[in-house]
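The values are calculated or read from the model by the stated rules, or taken from the named source; none is laboratory data. No experiment lies behind these values; they were computed from the predicted model shown. Cβ placement follows ideal geometry from the backbone for every residue including glycine, while neighbour counts extend to all protein chains displayed. Protein only, heavy atoms only, side chains kept; ligands, DNA and RNA dropped before computing areas. Shrake-Rupley method; radii C 1.70, N 1.55, O 1.52, S 1.80 Å.
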Amino acid sequence: MNKSHDEVWNNCLEIIRDIIPSASFKTWFEPIVPLRLEKNVLTIQVPSPFFYEYLEEQYIDILRKTLRREIGNDAKLEYNIIMENSAFTNGKPYTVRYPSRNKADLQNKPMQVPFEATQPAIRNPFIIPGIKKVHFDPRLNPDYSFANFVEGECNRLARSAGIAVGNNPGGTAFNPLMIYGDSGLGKTHLVQAIGILVKEKYPDKTVLYVNANKFQTQFVESIRNNNKNDFLHFYQMIDVLIIDDVHEFAGKEKTQDTFFHIFNHLHQSGKQLILTCDKPPVELQGMEQRLLSRFKWGLLADLQKPDFETRLAILRKKAYNDGIELPDEIFEFLAENISSNIRELESGLISLYAQSTLNRKEVTLELARQMVDRLVNTQRREITIDYIQKVVCEYYKIPVDQMQGKTRKREIVQARQVSMYFSKNLTKASLASIGSSIGGKDHATVLHACKTVNNLIDTDRHFRNQILEIEKKLKV
Ligand code: ADP
Ligand code: MG
């Protein structure tokens, strides 16, 4: 069954012609030129970026359906877009390659939520009292799909668990699915991909992605507006609830309490919970024990730093998705030299490309080298607990070992508290390790210190200025 690209495209056109108005067909389909068919990827040439966007917006469904009919379910569409002019080509037109975004419809169906009449009663006989239809956006970013998530040793378990959950939400043992790992390693991308997979497989299921901070704000607002029950009802109706960065719940007892109830309700009703965290739950401080034990009910899967091969594959994919073409040696150079996290790897690629476009220079190894040097130099020096203690002691003119000792002298106690405050806010160290690095204090002492400093900042202008000055010194 080796069809040529012309054949495939003509067959698609036959069908499309019957479905859409002939004027639209003339405008949007006649100008398209099929270029090649490689494996399952059909490449078509379109006359402008606008044309590409319009097709992707208006006709992607029909394009997808007809292509699948012709080449099979894994059919992919790629565009060659004719660009008007370019710095590199002295104003001559050139083309760029772009994959089809192939966006599925990710919206939720309206959901009926019982609500307590906090508003004046609605006098409409067709509205059932106490039931409100709500439309809400699942907040899924179509770019964060599994198709765009490169598999590697670093994410194998998390990714396959994610796919299992997406295919059968609420129906696997992975409930909750808890993904953890350092910042920039793909937690948000992965949990979004699960949400997208659910919407593709089960369009009727309601999915919601929400960041822990946003959840907390909504909760606080619901209390202020006196409709906490509506808030609860809303969350309890969701089929797949994705909460990103649950470490942000630390120390927020009321929010944890509410989340605990929502968690139980959803879990008991066979709904799926997907969570992310920047550390393994055992290391989370300031979190209720009963919540921590819930986090361990399902599956814990971590994301590690990617190896060279995976970094390279991620760069290539990102470049392809953004229509960026670069020589192999540049990709390899970037993958070799930026290894800390994926977010930085990607921003290296983008900034390199932007510089070359702005300065009208070819992307060379030399340019890449300069960019990486700059990136490494401007990377904020990592702030450690030791460094904080040193700066704070210098500021208050006291010896470090006194601060780490047991003295209860007022100015020493204050320096100690300020150190703990900055250690908590500027490092990722746990409360316990902050406490132990400053004379064997426990985590409650550290929390108390932070509270005291926060109070003083609010009430004492002189103190606030001190804190600002120290912060400035810490961040040079
Ligand atoms: P986190 O939430 O862990 O801080 P993100 O999910 O925001 O990290 O990922 C940072 C960037 O790296 C995003 O642009 C994401 O698309 C990209 N990324 C992470 N992991 C992968 C992967 N396996 N394949 C492709 N891109 C990835
Ligand atoms: Mg994230």
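Things worth noting here:
- Take the conditions (1) in contact with a Leu (Cβ under 8 Å, 6 or more places away or on another chain); (2) open to solvent by 20 Å² or more (accessible area, probe 1.4 Å); (3) over 21 Å from residue 152 (Cα atoms); residue 341 misses just one of them, which is (3).
- The residue list 187, 214 contains one member that is over 30 Å from residue 311 (Cα atoms), charged (D, E, K, R), under 21 Å from the mean Cα position of the chain (by Cα) and within 16 Å of ligand 1 (Cβ to nearest atom), which is 214.
- Some residue of the range 212-226 being closer than 30 Å to residue 339 by Cα and modelled with pLDDT of 95 or more: yes
- Qualifying residue in the range 221-233 (condition: open to solvent by less than 10 Å² (accessible area, probe 1.4 Å), in the same structural domain as residue 139 (by TED's automatic domain parsing), over 16 Å from the mean Cα position of the chain (by Cα) and aromatic (Phe, Trp, Tyr)): no
- Helices (runs of 4 or more DSSP H) contained in the range 357-426 and holding at least 3 residues more than 30 Å from residue 327 (Cβ to Cβ) and open to solvent by 50 Å² or more (accessible area, probe 1.4 Å): 385-396, 400-404, 410-426
- The range 253-280, subset touching a helix residue (DSSP H, G or I) at 6+ places or on another chain (Cβ under 6 Å) and within 20 Å of residue 428 (Cβ to Cβ), residue surrounded by the fewest Cβ atoms within 10 Å (Cβ to Cβ): 278
- Of the set (1) more than 36 Å from the chain's Cα centre (by Cα); (2) surrounded by fewer than 17 Cβ atoms within 10 Å (Cβ to Cβ), all apply to residue 9 but (2).
- Taking the criterion of being closer than 22 Å to residue 166 by Cβ, within 15 Å of ligand 2 (Cβ to nearest atom) and not acidic (Asp, Glu), the residues of the range 243-289 that qualify are 243, 246, 274, 275, 276, 277.
- For the range 155-183, filtering for residues that are open to solvent by 50 Å² or more (accessible area, probe 1.4 Å), polar (S, T, N, Q), more than 15 Å from ligand 1 (Cβ to nearest atom) and assigned to a loop (DSSP other than H, G, I, E, B) leaves 1.
- For the range 101-115, filtered to residues that are at pLDDT 75 or above and of a type outside the set (A, V, I, L, M), the residue that is farthest from residue 320 (Cα to Cα) is 112.
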